[in-house]
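Asker: Below is a structure I'd like to ask you about.
The values are calculated or read from the model by the stated rules, or taken from the named source; none is laboratory data. Since this is a predicted model, take the numbers as computed values, not measurements. Side chains included, ligands, DNA and RNA excluded: accessible areas come from the protein's heavy atoms. Shrake-Rupley method; radii C 1.70, N 1.55, O 1.52, S 1.80 Å.
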Amino acid sequence: MGLLALKRLMSKQQREREREHRRHKVQGRNKSITSRSKATKDGRRLRNPLPNLPEEIWYHIHSLMPMEDSARTACVSRTFLRSWRHHPYLILSNRTLGLKQNASGKGDVWAFTTKIDQILKNHSAAGVKTLELDVFECRDLNACYLSDWLQIAITPKIESLTLELPSKYEEEYNFPCSLLFGGNGNLIRHLHLTYCAFRPKIGIGCLRSLTKLHLSHVHISEEDMLQMIDSKAPNLSTFNFTGDNLVQFSLESLRVKNLDMACLEEINFLNYSITKLPYMVPNLEALTLSSYNEMVNTPTIAARFHHLNYLEIYLDAGLFPEYDFLSLGSFLGASPVLETFILRCDPVLEDFGDASNMRQLPKHKYESLKDVMIYGFCSAKSMVELTCHILENAISLESITLDTVNDWEDEENLGRCSVAPACKSAECCYLEADVILEANKGLMAIQKYIAAKVPSTVQLDVRGPCSRCHSLEPM
């Protein structure tokens with residue numbers, strides 16, 4: 001017999017031995033299962049029906065489940081109870097805890113604190129990666145509980161922390177910044193604080209993993225207003241700020257790509273933003289600005305947002321009647337790669353006036369602009385001029401949405417319930433009669449001055465008041 005034939009024979013024999021071994025193993029397993037089944041039927045022995053998996057695998061399976069579902073399974077077995085106590089993502093609020101508010105709008109503070117105490121203490125051994133603690137509705141909560149809970153939750157494993165407090169805590173509660181230092185904050189990537197004092201003595205530059213910082217109504221200085229945000233966190237790419245007054249901030253500006261700022265009492269915030277931000281955060285890619293008191297028009301500038309591709313502007317009712325919406329074209333001109341522009345504003349009750357002297361800005365081709373959405377479109381002449389300016393200069397435009405109702409509650413942009421009843425379960429936002437009248441005037445302005453200027457290659461989506469929720473009562 002040749003050497004090659006001998007090797008083939010030996011290989012064949014080896015495969016036959018392996019098949020025989022597997023056959024005996026399966027038969028033995030089947031006998032074991034059969035014996036266990038008989039024992040169960042006879043009532044002599046009842047075994048755990050769960051697969052015999054390592055606990056680490058159960059922990060991982062439960063970590064993929066929503067927190068509420070993982071908590072519900074804890075009563076099934078001790079394995080599931082241990083898995084729930086290792087669940088790394090905790091979202092704690094009245095809603096997730098199944099607590100209801102009373103007639104005065106307050107929740108049961110005792111039940112709320114007891115449940116959170118129990119959950120956090122049971123998770124203390126394993127530690128959590130994400131904690132979202134929403135106590136906004138518990139206005140009578142004793143602040144000492146907060147510090148105890150944060151002491152438990154902020155460990156070297158924490159990666160994301162959200163703390164939403166009642167508005168009265170803005171000056172009453174000092175966030176314990178020291179908990180983030182000394183190694184506990186090394187992995188934290190997302191920090192979101194609402195209504196508290198936040199006064200880190202050594203800055204937050206030591207939070208080297210921090211990528212997203214969200215501060216809403218926080219006090220950093222001990223004076224009446226927050227004066228300076230100083231962050232040298234080297235990987236910070238997203239910064240969200242909401243407050244009453246304009247703040248100065250010092251960031252690792254070359255890293256910041258996403259900026260969202262709202263100043264509730266600052267006058268002419270858009271003016272500040274377009275003149276300062278191109279220099280302060282030159283690599284912005286997404287910018288959201290909310291202004292509530294614009295008293296002057298937005299100026300034209302020489303600086304550029306060279307990387308900005310998403311721009312969203314909120315204008316509240318604090319506009320003076322002569323505000324020139326056409327001046328917002330300055331933002332478009334300063335953003336050469338802008339792809340998406342969204343404008344949201346409360347309606348301006350203003351007559352259109354004479355259509356014979358419609359203004360035009362100097363020609364400026366917006367080569368990258370593809371999607372435009374204006375919510376709260378009104379019949380103000382400068383609003384019509386801005387829209388016509390965009391249509392004439394956005395050579396790559398694909399779609400434009402003109403909605404004469406600024407429905408702040410329609411977060412998913414579903415439109416009116418009369419148009420999309422299958423998608424929208426709740427009613428549309430409430431509108432005063434004069435706002436409904438202005439919304440209808442806006443529809444007429446779109447039909448008269450804009451619709452004919454929309455190129456055939458551009459999709460036009462026009463929305464108006466809801467026929468169900470916004471009908472006017474007969475006088």
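Asker: Report the far tail of the P(r) of segment 81-209, meaning the percent of Cα-Cα pairs longer than 22 Å. Walk me through the numbers before you get to the answer.
Answerer: Working: 2880 of 8256 pairs.
Taking all Cα-Cα pairs of segment 81-209, the fraction more than 22 Å apart is 35 percent.
Asker: To the nearest 10 square angstrom, what accessible area does residue 61 show with a 1.4 Å probe?
Answerer: Taking all protein chains as shown, residue 61 has close to 70 Å².
Asker: Please compute one quarter of the surface area of the Cα convex hull for segment 148-194 and express it in square nanometres.
Answerer: Details: hull surface 12.8 nm².
Taking a quarter of the hull surface, the average projection is 3.2 nm².
Asker: Largest first, how would 301, 267 line up by accessible area (1.4 Å probe)?
Answerer: 267, 301
Asker: Report, in listed order, any pair from 276/363; 257/365; 276/453; 129/257; 157/232 with a Cα-Cα distance greater than 27 Å.
Answerer: Values: 276/363 25 Å; 257/365 25 Å; 276/453 35 Å; 129/257 25 Å; 157/232 22 Å.
Cα-Cα > 27 Å for 276/453; rest within.
Asker: Can you pull the accessible area of residue 379 for me, 1.4 Å probe, Å² to the nearest 10?
Answerer: Around 10 Å² of this residue is reachable by solvent.
Asker: Heavy-atom accessible area of residue 275 with all protein chains present, probe 1.4 Å, nearest 10 Å²?
Answerer: 50
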